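Worksheet: one structure, shown below.
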Amino acid sequence: MMHYIVVTGGVISGLGKGTITSGLSYLLKNSGFRVTNIKIDPYINYDAGTMNPYQHGEVFVLNDGGEVDLDLGNYERFLDTALTSANNITTGKIYKEVIEKERRGDYLGSTVQIIPHITNEIKARIRKAAEGYDIALIEVGGTVGDIESMPFLEALRQMRSDKGDSMIFGHVTLVPESGSEQKTKPTQHSVKELRAIGIQPDILFCRSSRPLGIDARKKISLFTDVAGKGIISVYDVSNVYFVPMVLEKQGALEYTRELFKFDDHELNYTLREFTRNIEKPTEEVTVGLIGKYVDMQDAYISHKEAFSHVTGNTGIKVNIKWIDSDDLIKSTEQLDDLDGILIPGGFGYRGVEGKIAAAKYAREKRIPYLGICLGFQASVIELSRNLLKLKDANSTEFDPGTQDPVIDILPEQRGIKDLGGTMRLGAKTVLIKKGTIAYEINGSERISERHRHRYEVNPEYIERLEEKGAIFSGTDDEKIRMEILELNDRDNYIATQYHAEFQSRPLNPSKVHLYFIKKSLEYRKEKRGSIYAGSTE
């Protein structure tokens, strides 16, 4: 029998369905079950690839090149696994498949309708993604009551009655406070909305600023017909990696086992030391993240999580200073108090000149530097302008008519008009030179990292850049493409074309992020020491 846990949301969006789903997944996997996650996104987009980060946050990239919702990144990190595009189901994917089947005549002339054709396709995709596992946790995006999610909820309602399927419905709601009183009415109305479409929740994950009081629990249980053991208080914590502990203490794992009639399984809680380091770090650094979506920090969530992974493994707290790259065009003053500078990926010309200014500042001040994807390309542009004296050097993405296209479009991308899923995407092999920082960091001449880009370093400029001190320490094994950049006069500067943050895990942090933070701590201590040395006190 296949076991499913469906997690829906109510009241408002952004309550943390993905984090709660990930936390429960972690507890189940570390109790010995084979667990996978499925994210349902009701939008009509085929995938997340063309979405503006201000609307949905980061576009997460999978090994198979799938561009998906950032919640799949949470799942991969908590489960320490690699998911596939099949784990992300969208309205666009469902309708495209059903229409193509209709055009082929697969429905034998039937009138194609939401029920049963759309719902059957949804159920088929869920079951296929769940094959080979004991439990599949399914997060339904959006909020109950949204018209977009209705076909998915109907399909899941039907699955609860299907033979061979065992299903638990969990619902995430908000319990706000008025004065000191925790208000349960939003939860009551949200459950009423869910029951109106034929779904009675088994578990309520109640989001609140502090643990639920006894009175609030009793009232919620009474008005929703959810057992008291199924009222799980998910209160605010300082870091997402405390969520599994909160869920376990609140009895979510025990009640899930009870509902599924599972035998007792011993929980191996592997994050204890990790969370202790996050709670009580022994050192700290401040790094600047130079981006153009800094008002929407979820646009860079994988970097935030990679830094949490570093903290959990080293005890070095990472304070992120969010810096709008456009602000650096006029002045780099905001960079003066940093211990390290990170320039992440991105697309489009807005903010690029500020990123180039930040790369120049880091190189000239010898501040630890990490460039990722566009950050790697900004470094090459900066070196070309200031060391090769090519004042017009640029990427053809930003200036198609530049006289010195040091960054140019990938040959296979020329002429492509469709923006969806057409980049160099997914896991690619990177070959690393011995004797370089990159080799020291990775300990191997061959690694696999994820990519998402259309442009690359123009090979015509590589030799000239190397003559000025650049070291291209990594290439790919498909064509001679530059993957990693270092400088020959220091050990605290590295930039990569690949996105190492996508494969960072709590107990196995991204190696370049780990190295960057260690160098930032060295720099901080040296800087502090020089300040103290000059003091008269």
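The values are calculated or read from the model by the stated rules, or taken from the named source; none is laboratory data. Note that the structure is a prediction, hence the values are computed from the model and not measured. Note that we place each Cβ from the backbone using ideal geometry, even for glycine, and neighbour counts take in every protein chain shown.
Suppose the filter is within 28 Å of the chain's Cα centre (by Cα) and touching a residue at least 24 places away in the same chain (Cβ under 8 Å); does TYR498 pass it?
yes
Mind listing whichever residues of segment 21-67 are among the β-branched types (Val, Ile, Thr), within 23 Å of GLN297 (Cα to Cα) and surrounded by 24 or more Cβ atoms within 10 Å (Cβ to Cβ)?
THR21, ILE40, VAL61
ARG524 fails exactly one of the following numbered conditions: (1) in a loop (DSSP other than H, G, I, E, B); (2) touching a strand residue (DSSP E or B) at 6+ places or on another chain (Cβ under 9 Å). What is the number of that condition?
Here ARG524 meets the rest and fails (1).
For segment 189-218, name all the residues that are over 20 Å from SER166 (Cβ atoms), surrounded by 23 or more Cβ atoms within 10 Å (Cβ to Cβ) and in contact with a helix residue (DSSP H, G or I) (Cβ under 6 Å, 6 or more places away or on another chain).
Hit for segment 189-218 is VAL191, nothing else.
Specify the residue that is surrounded by the fewest Cβ atoms within 10 Å (Cβ to Cβ); the eligible residues are those in segment 123-170 that are assigned to a helix (DSSP H, G or I) and among the polar types (S, T, N, Q).
That would be SER161.
Across segment 87-122, which residue is surrounded by the fewest Cβ atoms within 10 Å (Cβ to Cβ) among those that are out of contact with any Lys or Arg (no Cβ under 8 Å at 6 or more places or on another chain) and hydrophobic (A, V, I, L, M, F, W, C)?
LEU108
Just to be sure before I move on: is TYR300 hydroxyl-bearing (Ser, Thr, Tyr), over 27 Å from GLU526 (Cα atoms), assigned to a helix (DSSP H, G or I) and touching a residue at least 60 places away in the same chain (Cβ under 8 Å) in the structure I sent?
Here the answer is yes, as TYR300 does meet what is asked.
If you scan segment 217-274, which residues turn out to be assigned to a helix (DSSP H, G or I) and in contact with a Cys (Cβ under 8 Å, 6 or more places away or on another chain)?
ILE220
Given the criteria farther than 27 Å from ILE168 by Cβ, modelled with pLDDT under 95 and under 21 Å from the mean Cα position of the chain (by Cα), does ASN63 qualify?
no
Is there a residue in segment 223-236 that is among the hydrophobic types (A, V, I, L, M, F, W, C) and more than 22 Å from GLY18 (Cα to Cα)?
The answer is yes; a qualifying residue exists.
Output yes when any residue across segment 396-412 is crowded, with 23+ Cβ neighbours inside 10 Å, of a type outside the set (Phe, Trp, Tyr), in the same structural domain as ARG464 (by TED's automatic domain parsing) and out of contact with any Ser or Thr (no Cβ under 9 Å at 6 or more places or on another chain), and no when none is.
Scanning segment 396-412 turns up no residue that is crowded, with 23+ Cβ neighbours inside 10 Å, of a type outside the set (Phe, Trp, Tyr), in the same structural domain as ARG464 (by TED's automatic domain parsing) and out of contact with any Ser or Thr (no Cβ under 9 Å at 6 or more places or on another chain).
Of the residues in segment 270-289, how many are out of contact with any Phe, Trp or Tyr (no Cβ under 9 Å at 6 or more places or on another chain) and either surrounded by 15 or more Cβ atoms within 10 Å (Cβ to Cβ) or charged (D, E, K, R) (or both)?
Adding up the residues that qualify gives 9.
Condition check: crowded, with 21+ Cβ neighbours inside 10 Å, of a type in the set (Val, Ile, Thr) and in contact with a Ser or Thr (Cβ under 7 Å, 6 or more places away or on another chain). Does VAL234 satisfy that?
So VAL234 does not fit the description; no.
If we keep just the residues of segment 379-410 that are part of a helix (DSSP H, G or I) and free of Cβ contacts under 8 Å to residues at least 60 places away in the same chain, which is nearest to PHE60 (Cα to Cα)?
Here the answer is ILE381.
With the checklist (1) part of a helix (DSSP H, G or I); (2) under 21 Å from THR422 (Cβ atoms); (3) among the polar types (S, T, N, Q) in hand, flag the one item ASN120 doesn't pass.
All conditions are met except number (2).
What is the number of the single condition among (1) buried (at least 18 other Cβ atoms within 10 Å of the Cβ); (2) modelled with pLDDT of 95 or more; (3) not hydrophobic (A, V, I, L, M, F, W, C) that LYS185 does not meet?
So LYS185 meets the others, but not (1).
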